[in-house]
1. Within the bounds of the range 100-110, is there any residue that is assigned to a helix (DSSP H, G or I) and in contact with a helix residue (DSSP H, G or I) (Cβ under 6 Å, 6 or more places away or on another chain)?
2. Among residues belonging to the range 50-73 that are among the β-branched types (Val, Ile, Thr) and closer than 22 Å to Arg92 by Cβ, point out the one that is surrounded by the fewest Cβ atoms within 10 Å (Cβ to Cβ).
3. Would you point out the residue of the range 1-20, among those that are hydrophobic (A, V, I, L, M, F, W, C) and modelled with pLDDT of 95 or more, that is surrounded by the fewest Cβ atoms within 10 Å (Cβ to Cβ)?
4. Among the numbered conditions (1) buried (at least 17 other Cβ atoms within 10 Å of the Cβ); (2) free of Cβ contacts under 8 Å to residues at least 12 places away in the same chain, tell me where Thr84 comes up short.
5. Look at Tyr33 and say whether it is among the aromatic types (Phe, Trp, Tyr), part of a helix (DSSP H, G or I) and farther than 25 Å from Glu97 by Cα.
6. Of all residues in the range 25-49, count the ones that are in contact with a helix residue (DSSP H, G or I) (Cβ under 8 Å, 6 or more places away or on another chain) and closer than 19 Å to Arg92 by Cβ.
7. Can you name the condition, by its number, that Gly63 falls short on among (1) within 12 Å of the chain's Cα centre (by Cα); (2) part of a loop (DSSP other than H, G, I, E, B)?
8. Restricting attention to the range 21-36, which residues are loosely packed, with under 14 Cβ neighbours inside 10 Å and modelled with pLDDT of 95 or more?
Amino acid sequence: MGDTGHSVEAYYKRATSPLVVLHLLEGRTMYGYQISQAMKEKSGGKFTIAVLYPILYRLEEQGYIRVARTEVTNNRARSYYAITEEGRQYLRQSMAEYRAIHQAFMDIVGEGNIVK
C-alpha cells in the first residue's frame, strides 16, 4: 500500500470488475449473488467485489447488460442480468486492449524482474 491508501490489488479489481461481470454473464443469465459467488469460486476466493451493484447499474446504463427478468422470492426481488450484444462487443474490444497492455507491462518488467 502506498501513500494513497489503495493497494495495487484494489486498483486492479476496480479496473477489471466490469470485464469480469460481463465475462460471467456471457455464460448465463445470473442475479447479483450468483455473480459474486461465481467470481469467488472461479478465483479461489481471491477476486471478490464489495460493491457489485453499482457496477451492475453502470453496465446497465451503458447498455452492456439488461435485466432479463425479476422474480420475487421470500418477499425479495431478484433481478437476473444478461449481457447484450453491445456488451459482448465491448468485452471483446476491452479484452484485446487488456491483453495488449498486459503484454506491454510484462515486456517492461519481465517475468524475472517482478519483486516477490
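The values are calculated or read from the model by the stated rules, or taken from the named source; none is laboratory data. Predicted, not measured: the structure shown is a model, and the values here were computed from it. Ideal geometry is used to build each Cβ from the backbone, glycine not excepted, and the neighbour counts take in all protein chains shown.
1. No, the range 100-110 has no match at all.
2. Looking at residues that are among the β-branched types (Val, Ile, Thr) and closer than 22 Å to Arg92 by Cβ, I get Ile55.
3. The extreme case among them is Leu19.
4. Going through the list (1) buried (at least 17 other Cβ atoms within 10 Å of the Cβ); (2) free of Cβ contacts under 8 Å to residues at least 12 places away in the same chain, Thr84 breaks only (2).
5. yes
6. Count: 2.
7. With respect to (1) within 12 Å of the chain's Cα centre (by Cα); (2) part of a loop (DSSP other than H, G, I, E, B), Gly63 is out only on (1).
8. Glu26, Arg28, listed by residue number.
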